[in-house]
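Q: Have a look at this one before I ask anything.
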């Protein structure tokens, strides 16, 4: 499971989460407060917001072509950047700091 903070000025709400899921992944289903998505190399992705943070659990398919894997990663990173306000580099930097 991954945990993502929201940059100042980026609202951590279910409404925004739902809006960006529709924009990037087209469809989803909802169980309680958890959004469930399947997209290209992502078999199952569960997303929810709690305590002003985004939580994500993913299960991926390793039997996909490199092109599909790259498209999936690019879409996922763009989704996170627009939703949270942090780029992939900024998120990686924050994770390193937390591990220290």
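Q: Neighbour counts of other C-beta atoms within 10 Å: give me 67, 61 arranged from fewest to most. Working shown, then result.
A: Numbers: 67 9, 61 14.
By the 10 Å Cβ count, ascending: 67, 61.
Q: So what is the calculated 222 nm ellipticity per residue for the chain, using -39500 (n - 2.57) for each DSSP H run with n of 4 or more, over all residues, to the nearest 500 deg cm²/dmol?
A: Only helices count here, giving -14000 deg cm²/dmol.
Q: Sequence gap at least 6, Cα distance under 8 Å: using those rules, report the relative contact order of the chain to the nearest whole percent.
A: 30
Q: So what are the three principal axis dimensions of the chain from its Cα atoms, in whole Å, longest to shortest?
A: Sorted largest first, the three principal extents are 36, 33, 20 Å.
All of the numbers you see were taken from the coordinates with simple rules; none came from a lab. All figures in this text were calculated on a predicted structure; none of them were measured in a lab. All Cβ positions, glycine included, derive from the backbone under ideal geometry; neighbour counts span all protein chains shown.
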